[in-house]
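A short worksheet on the structure shown next.
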Amino acid sequence: MSGSQVIMIDPDGKKYTRTEMIQLAVGMAAVYGEKGLPANFCSISYKEGVDGGGKFPAGRAAFIEACQLGVKLAS
């Protein structure tokens with residue numbers, strides 16, 4: 001998958017690439033620190049994004065993959 005592939009578009013129309021989604025997940029993991037993220041963090045984030053009006057042109061699997069990679073890189 002390309003790092004420049006658009007994974008998410010937020011309700012305001014801002015586009016997030018795969019690379020940006022990975023970086024966001026790394027940042028969230030850093031915020032949680034030693035407590036760590038919930039095991040289902042990526043699924044929860046996707047559902048919240050859909051419920052909040054976000055669009056996922058690459059699909060759920062692409063979002064989850066980028067999110068999980070970011071979480072893994074943060075650990």
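Annotations
Residues checked against (1) modelled with pLDDT of 95 or more; (2) at negative phi; (3) in contact with a Pro (Cβ under 8 Å, 6 or more places away or on another chain); (4) assigned to a helix (DSSP H, G or I):
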{"residue": "Ser4", "(1), (2), (3), (4)": "no, yes, no, no"}
{"residue": "Gly13", "(1), (2), (3), (4)": "yes, no, no, no"}
{"residue": "Ile22", "(1), (2), (3), (4)": "yes, yes, no, yes"}
{"residue": "Gly27", "(1), (2), (3), (4)": "no, yes, no, yes"}
{"residue": "Cys42", "(1), (2), (3), (4)": "yes, yes, no, yes"}
{"residue": "Tyr46", "(1), (2), (3), (4)": "yes, yes, no, yes"}
{"residue": "Gly53", "(1), (2), (3), (4)": "yes, no, yes, no"}
{"residue": "Cys67", "(1), (2), (3), (4)": "yes, yes, no, yes"}
{"residue": "Lys72", "(1), (2), (3), (4)": "no, yes, no, yes"}
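- Considering residues of segment 55-65 that are part of a helix (DSSP H, G or I) and touching a Phe, Trp or Tyr at 6+ places or on another chain (Cβ under 9 Å) only, the residue surrounded by the fewest Cβ atoms within 10 Å (Cβ to Cβ): Arg60
- Top-ranked residue of segment 30-40 - restricted to ones that are surrounded by 12 or more Cβ atoms within 10 Å (Cβ to Cβ) and in a loop (DSSP other than H, G, I, E, B), ranked as modelled with the lowest pLDDT: Gly36
- Residue match in segment 23-44 (condition: within 10 Å of the chain's Cα centre (by Cα), aromatic (Phe, Trp, Tyr) and closer than 21 Å to Ser2 by Cα): no
- Of everything in segment 3-51 that is of a type in the set (D, E, K, R) and in contact (Cβ under 8 Å) with a residue 24 or more places away in the chain, the residue that is nearest to Gln68 (Cα to Cα) is Arg18.
The values are calculated or read from the model by the stated rules, or taken from the named source; none is laboratory data. Small disclaimer: the values here were computed from a predicted structure and weren't measured. We place every Cβ from the backbone using ideal geometry, glycine too, and count neighbours over all the protein chains shown.
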